[in-house]
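What follows is a set of notes on a single structure, which appears directly below.
The values are calculated or read from the model by the stated rules, or taken from the named source; none is laboratory data. These figures come from a predicted structure and were not determined experimentally. Here the Cβ is made from the backbone with ideal geometry for all residues, glycine too, and neighbour counts use every protein chain on show. Protein only, heavy atoms only, side chains kept; ligands, DNA and RNA dropped before computing areas. Shrake-Rupley method; radii C 1.70, N 1.55, O 1.52, S 1.80 Å.
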Amino acid sequence: MKKICIFLFLFLCLLLFPFRVNANEDLIPGSRSGLLMDINSGEILFEKDKDTPYAVASMTKMMSQILILEAIEDGKLNWDKKVKVSSNAAGFGGSQIYLQPGEEMTVEDIFKGISMASANDGTVALAEEVAGTEENFVKMMNDKAKELGLKNTVFKNSTGLDEEGHVSSSYDMALIARHLLLEHPKILEFSSVYEDYLREDTPNKFWLVNTNKLVRFFDGADGLKTGHTDAARYCMAVTAKRGNMRLLAVVLGEETAAIRNQETTNLLNYGFDNYTVNLLKTKNEIIETKTIDKANKDKINIILKDDVTELLKKGSESKNYEFKTSLNELKFPIKKGDIVGTLDVIDNGKVIKKANLTVEEDIDKLNIISLYGKYLKGIITGFNN
């Protein structure tokens, strides 16, 4: 017991009073691979063997989470739906929330178990709910990997349990994590919670404790996913935000959880100590207003899908940029979030960054009756002249 207390004390000291590191050092000497990324720009601030494929354990579940959240956002699932657990899902060992065959649990509670406790049984239960079988779901995972342009990723299962040929790289994992954070920010409502309960009003109350200890001990940390198997060793993708800057640290193949936590801390401290972010334009800022025909709106605001930022070395000065809007042909219906063009950031005549544009609200195409009514209204009011 005394040794355990000493270990915990030392671990807390490392997190609260970490060693400072500089760019010339290997910030993650205990890892097989890793990197530090600025989420908004996608710029890599540090890398080590980022493209070599390795086993990645439960970090796999970030891709599963993307597909589950897509299903919810598309209306195929809802948070309150009760999922009946199959014998197949309940039979998965490793990290679990001890689902029983035939047990019913809401999508929200199962997703909570995946995000906090890395539940294998919960992941398979929702994979089956989304795709009918885990096999079908894994096909969706690999299709999504291709869509995201991942070069070194092959999924064999939805959980990350060791299986021959189930691999990814630290860079691919970072791209998955970045997509999850930017396109499905609701993930942070789950990954940022340190402790919670399942089956709270039953005799089988289950205590959840987040496997990512940095959400409690590192300033600004609010996600994202840990992993551990014999083949993968200890892995982690952890994100933290301070001010306008959100960073992502990824490490693969650490010997222990303590080393994993310390080396991701090294990466995050390096980023926050040496870089800053200048906010050029804000998410949802109106870039242009367009008059439109044959739609249920006369005008629509074109807005930024995400913040436009400039990553700077501390002590550097911001540049004076030009901005140019490039819009696609608008084809209705369009939903808020759909990409309708880009805002080009120009430095000395060169486009250095493209920011996605979307619409402020959903737009539907008018049917022939509505279109005719709109035409008549224009004649009566004189706006068709």
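For the reader, a short list of remarks on this structure follows.
- Karplus 3J(HN,Hα) series, Hz, for the range 179-184 with 6.51 cos²θ - 1.76 cosθ + 1.60 (x for Gly, Pro): 4, 4, 5, 7, 8, 9
- Neighbourhood charge, 12 Å Cβ-Cβ cut-off, centred on SER115 and excluding it, Lys, Arg +1 and Asp, Glu -1: -1
- FRET E, pair ASP347, ASP26, Förster distance 45 Å, beta-carbon r, rounded to 0.05: 0.90
- Solvent-accessible area of the chain (1.4 angstrom probe, protein heavy atoms only): carbon and sulfur portion equals 49 percent.
- The C-alpha atoms of the chain define a longest principal axis, and helix 134-147 lies at about 60 degrees to it.
- With Cα atoms, 0 to 90° folded angle of helix 368-381 axis to the chain main axis: 50 degrees
- Phi-based couplings in Hz for the range 51-57 (Karplus 6.51, -1.76, 1.60; Gly and Pro marked x): 9, 7, x, 9, 5, 10, 6
- Estimated at 0.36 nm per residue, the fully extended path between LYS324 and LYS354 surpasses their Cα-Cα distance by 9.8 nm.
- Rounded to the nearest Hz, the phi-derived 3J(HN,Hα) couplings of the range 107-115 under the Karplus curve 6.51 cos²θ - 1.76 cosθ + 1.60 (θ = phi - 60°) are 4, 4, 5, 5, 5, 4, x, 5, 6, where x marks glycine and proline.
- Per residue accessible area of the chain, 1.4 Å probe, in Å²: 50 Å²
- Within a Gaussian network of the chain (alpha carbon springs, distance under 10 Å), most fluctuating of LEU304, LEU279, LEU150: LEU279
- Cα gyration tensor shape for the chain, rounded if a/c is under 1.5, else prolate or oblate: oblate
- Helix 2-16 axis versus longest C-alpha principal axis of the chain: approximately 30°, rounded to the nearest ten.
- Spacing of the two label points (7 Å from each Cα toward its C-beta) at SER87 and GLU43, in nm: 5.6 nm
- Cα centroid of the range 273-346 to Cα centroid of the range 26-101, whole Å: 29 Å
- Extension gain, GLU288 to LEU148, is 47.6 nm, computed as 0.36 nm per intervening residue step minus the present C-alpha separation.
- Anisotropy class of the range 39-194 from Cα gyration tensor, a/c 1.5 cut: prolate
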